[in-house]
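The values are calculated or read from the model by the stated rules, or taken from the named source; none is laboratory data. Since we're looking at a predicted model, the values are computed, not measured. So basically every Cβ, Gly included, is an ideal-geometry build from the backbone, and we count neighbours across all protein chains shown.
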Amino acid sequence: METPAVATSGLTRRFGQLAAVQDVDLQVAPGQFFGFLGPNGAGKSTTIKMLTGLLAPSAGSIRILGLDLMTHGVEVKRQIGVVPEGMALFGRLTGTEYLNFVGQMYGLDRPTAAKRTGELLEFMQLADQRKKLITDYSHGMQKKLALAAAVIHGPRVLFLDEPFEGVDAVASVTLKAMLQSMIARGATIFLTSHVLEIVERLCSHVAIIDHGRLVAQGSLDELRQGVEARAAAAAGDASGTAVTAGERLTLEQIFLRIVGGTAASPAAAELSWLS
Amino acid sequence: MAELEPPPLTAPRWGTQLAAIARVRWQLTVNSVRTTRGALEMVARIWVGFWFAVMGLAGAFGFGVGGWYFLGHGRGEWIAAMLWPLLLFWQVFPLATSAFAEHADSSQFLRYPLGYRAYVVVRVAFGALDAATLVGILCLLGLTAGCAIAAPRLAPLILLLAIAFLVFNLLLAQMIFAWLEHWLARRRTREILSVLFLLLVFGVNFLRPLTRGAAHLTVPAQWAGLVAAQRWLPPGLPAHALAAAAAGQAWTLAAAVVLLAAWVGGVLALLSRRLRADYRGETLSEGVPGAPRREKKQSRAAAAAAPARVWSGLSGPVPAIAQKELRYLARSPMMYFPLVMPVLLLVFFRFGSLNGAPGHHAANLAGFGFPVGAAYALLVLTNLIFNCLGTDAVGAQFYYMAPVRFRQVFLGKNLAYGLLLAGEVVVIYLAACLLDGPPAVWLTAATLVGMVFAALCNFSCGNLLSLSMPKKIDLSRLGRQGSRGVSSLVALAIQGGVAALAGIAVLIAYLLGRLWLLPLFLAVEAVLALVAYRVTLGLTDRLALSSREALIEELSKG
């Protein structure tokens, strides 16, 4: 059996009395484009922080490419790339300086880091901005730079927390193409995003977390079949997204059915003062 | 959906806004003591504040006695002799300690519909929350009381002049900070400043013969013009006004008061010019060049790829971190003035000793300019050494995601600070040589070895403290870094310990009557410090893991 790229067992994180993530068992096969979804506060960021070593789990284990993250932290980190929620950039370096720095931190020699830096800046259309301090970059430019930094060492597993947030449509196409080419070369991508259309288009497999617990995991078709089977078994449909014969559920519909949300909140109607 | 009604929009009153800001500051202060760390910070701030208050009260007593004596004995003009040092302290102390400053950032309120007047008030009020203002206000209170006792009929005038001088100082300090931030944010200005710094160091050499010659002149002939001119400057004007009032010279009094008001207005206008730009949303940025630069012919990719030559032979995390750290510091306005201060200290020593008779203790101190300046240089760097992840802010997360151990991170940072310190020590040595001639060989050797010992001790403690008490630092700002009370006190205690250990070596050498052995004793301490450094460096990996959540949370604060 092939070693999973990412595997967690009983992964739990408690903050005092609150269990932000509880007993999460994830399996991500190598080469998968994996979407990790959940409503706000469901535990997505907490999970991704634990998977990338930013947060210690309260219980459970994490294995990346077969290595235990707790005991082989440095070896694991050498093989992964991360775009975290806050991007973790060094604002007072220029784009060039930052990518050179990151490359060396991941063990690239200076000439290689410099060569890849130039190529990545060109690819991300940031070459014009190479002398500008990162703090002066727009949000979208920072996002592109963070992604460039995450891939400069050629990671085998890439963790992306909302990578397309604030990125313009043109850059978004470029980034998607790059990510798909990485998948084609055998890399694994673990992605969280609130834009379900993007996840649906890119990801072959999806997991959904709600209230800290993993409530669904599998390929899109498996999730769809599960929801349809449940809908068929249920007498009524309270979510307002009934399945009709021949209809193919979108990921948004699947997601809403699984986490129990509805398309529109009745509370919005009460905010009469909102113009 | 119910019918939409337009929201009741009214222009917010600036008084209401100021009250809200004051309230939120108070709530933040109250809420900050909910955590143990916050409570410790509060205790530390009260402790530090207490000592500054003691210093201010001592000053108030001195100013009170001085004011009473001068005004009571018909020498009102001499009050200027107290106001000039006060002005210098008020303006120079915050600059010299800008790397340690504890001001809140008022620009965060600009996201709200805050009127310009309210913004100015908030900015000045926030800026006034510092030790120099506390000491200054207490000294002025003492002066007012002393003068009022000496001449009760002038009490309202004395109060008015004291308030005007207070307002002038508050505005001037803010103006200096605002303009320096603006200028230092530009690379060209920093380069000019660096050249000026070097010119200052070498220029001092040419001052020496001039001042030697001047020392033979009689004071009245030399200073008479200056004394007359200073009467029309802000510290001289209150004294001049009081002397005129005591002598019944109404026109002179009126002219002095009007001129003082004009000075206040002038400084306010200069401050306002800068704050208006802030208010409009101008940001400090390297990316605001004067004119677009011509692209060089080489390809962009190649240009982007070119690594800095000086580091070209070094690869790996440690040199990468050291290089990154030095780049950060080179772009930091807050580092420039503290780094200049040790050399200025030497200059002050030198001029202080010029007027001293042979055997005068100021003259004796001047021979120790090199060790004193070097020690001060290390003291200036302790703010960074003891909070070395603070400048990385949210970027510190990267060290947890990258395949590096924290011992490598700290080694890189310590290497950068060590290089910076070495450079500063060389400059101080040159300045000491130019001012006083080369220090004795044993003293030079003892200073250098002592610096190695002290630096290693500071790095050992600083690395651990950086992990346990991190605080975000905004390098683009002079001051306004938020409170670091506990770590400042801990740092102070550590400096005391280091000084005591070095003192033991000095004492032994002194008791043996062989001061030339001092470098040897300090070398033994330096070796022990190196062992301690290696041990503490090893501890950082474990401590970094155990404190990562608190550290990331603290450094990611907006």
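Among the residues of the range A:6-18, those that are surrounded by fewer than 17 Cβ atoms within 10 Å (Cβ to Cβ) and either at pLDDT 90 or above or within 20 Å of A:Ile80 (Cα to Cα) (or both) comprise A:Ser9, A:Gly10.
Filtering the range B:1-53 to residues that are of a type in the set (Ser, Thr, Tyr) and modelled with pLDDT of 75 or more leaves B:Thr29, B:Thr36. Does B:Phe93 satisfy the condition of being more than 14 Å from B:Thr144 (Cβ to Cβ) and either among the aromatic types (Phe, Trp, Tyr) or touching a His at 6+ places or on another chain (Cβ under 8 Å) (or both)? Answer is yes for this residue. When the range A:65-113 is filtered for residues that are among the small types (Gly, Ala, Ser), surrounded by fewer than 24 Cβ atoms within 10 Å (Cβ to Cβ) and over 24 Å from the mean Cα position of the chain (by Cα), only A:Gly107 remains.
So which residues in the range A:72-83 are within 16 Å of B:Pro317 (Cα to Cα) and within 7 Å of chain B (Cβ to nearest Cβ), if there are any at all? Correct list: A:Val74, A:Lys77, A:Arg78. Considering only the range A:14-61, state which residues are farther than 12 Å from A:Thr192 by Cα, part of a strand (DSSP E or B) and of a type outside the set (Gly, Ala, Ser). Hits for the range A:14-61 are A:Arg14, A:Phe15, A:Leu18, A:Val21, A:Gln22, A:Asp23, A:Val24, A:Gln27, A:Val28. Of the residues in the range A:143-158, at least one is within 19 Å of A:Met87 (Cβ to Cβ), at the interface with chain B (Cβ under 10 Å from one of its Cβ atoms) and not aliphatic (A, V, I, L, M). Screening A:Thr47, A:Thr117, A:Thr52 for residues that are more than 9 Å from chain B (Cβ to nearest Cβ), in contact (Cβ under 8 Å) with a residue 12 or more places away in the chain and in contact with a Lys or Arg (Cβ under 9 Å, 6 or more places away or on another chain) leaves exactly one candidate, A:Thr47. B:Arg407 meets all of the listed conditions (1) away from chain A (no Cβ under 14 Å); (2) under 30 Å from A:Glu85 (Cα atoms); (3) modelled with pLDDT of 90 or more but one, namely (1).
In this structure, is A:Leu126 buried (at least 24 other Cβ atoms within 10 Å of the Cβ) and within 22 Å of A:Ala177 (Cα to Cα)?
It is false that A:Leu126 is buried (at least 24 other Cβ atoms within 10 Å of the Cβ) and within 22 Å of A:Ala177 (Cα to Cα).
Of the set (1) touching a residue at least 12 places away in the same chain (Cβ under 8 Å); (2) more than 15 Å from A:His211 (Cα to Cα); (3) among the aliphatic types (A, V, I, L, M), all apply to A:Val21 but (2). Kindly establish whether B:Gly38 is within 12 Å of B:Ala131 (Cα to Cα) and either surrounded by 14 or more Cβ atoms within 10 Å (Cβ to Cβ) or of a type in the set (S, T, N, Q) (or both). Judged against the criteria, B:Gly38 is not a match. Can you find, within the range B:129-159, the residue that is nearest to the chain's Cα centre (by Cα) among those that are of a type in the set (Gly, Ala, Ser) and over 25 Å from B:Phe177 (Cα atoms)? In this case the residue turns out to be B:Gly142.
Taking the range A:84-100 as the range and being within 7 Å of another protein chain (Cβ to nearest Cβ), in a helix (DSSP H, G or I) and in contact (Cβ under 8 Å) with a residue 12 or more places away in the chain as the test, the residues that pass are A:Thr96, A:Asn100.
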